[in-house]
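The values are calculated or read from the model by the stated rules, or taken from the named source; none is laboratory data. Everything quoted here is computed from the prediction, not taken from an experiment. Methodologically, a virtual Cβ is constructed for each residue, glycine included, from the backbone with ideal geometry; neighbour enumeration extends over all protein chains shown. To get the accessible areas, we keep the full protein, side chains included, count just its heavy atoms, and leave off ligands, DNA and RNA. Shrake-Rupley method; radii C 1.70, N 1.55, O 1.52, S 1.80 Å.
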Amino acid sequence: MDALTDALRDQEGHPAVQNASPAEIRQWMDAGLPVRLIDVREGREWDYCRIEGAELMPLSQIQEWSQRISPNGGPYVVYCHTGVRSLMACRRLAALGVERLINMRGGIDRWSQQVDSSIPRY
């Protein structure tokens with residue numbers, strides 16, 4: 001978990017975005033580590049399936065909700081369907097100075113495959 005607390009920087013001096021698999025994230029959660037799950041999919045996707053305890057914050061509305069994210073909070077685990085939109089969201093948040101960002105590789109689709117098969121795939 002040390003990697004979560006390191007304030008790594010990218011070449012522009014922004015906090016670096018880390019990546020983790022759904023299985024790793026589930027292990028952190030099971031160990032009681034405080035992670036905040038942010039789902040950047042759209043409402044219709046959220047209505048179809050979601051990870052329990054996650055918060056819906058669509059990428060299309062990042063201008064509005066990014067102001068509610070504490071730069072020193074987190075760790076923030078950001079996910080979408082496959083990991084592409086969540087990586088974009090992480091990079092945008094990092095550019096705003098938000099630290100401890102983790103992109104869930106493979107998104108909720110891989111979560112369904114590795115962690116909880118009761119979550120429907122689409």
Contact list, first residue from the range 79-94 and farther than 18 Å from Trp46 by Cα, second anywhere and aromatic (Phe, Trp, Tyr) and at pLDDT 95 or above, beta-carbon distance below 9 Å, six or more apart or interchain, is Cys90/Tyr76; Leu93/Tyr76
Of the candidates Gly106, Gly83, the one satisfying the condition of being open to solvent by less than 70 Å² (accessible area, probe 1.4 Å), under 10 Å from the mean Cα position of the chain (by Cα) and at positive phi is Gly83
The one condition Cys90 fails out of (1) buried (at least 17 other Cβ atoms within 10 Å of the Cβ); (2) under 18 Å from Tyr122 (Cα atoms) is (2)
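Each row is one residue, and each column tells you yes or no for (1) out of contact with any helix residue (DSSP H, G or I) (no Cβ under 7 Å at 6 or more places or on another chain); (2) modelled with pLDDT under 95.
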residue: Val17; (1), (2): no, yes
residue: Arg26; (1), (2): yes, no
residue: Ile38; (1), (2): yes, no
residue: Glu45; (1), (2): yes, no
residue: Leu56; (1), (2): no, no
residue: Pro71; (1), (2): yes, yes
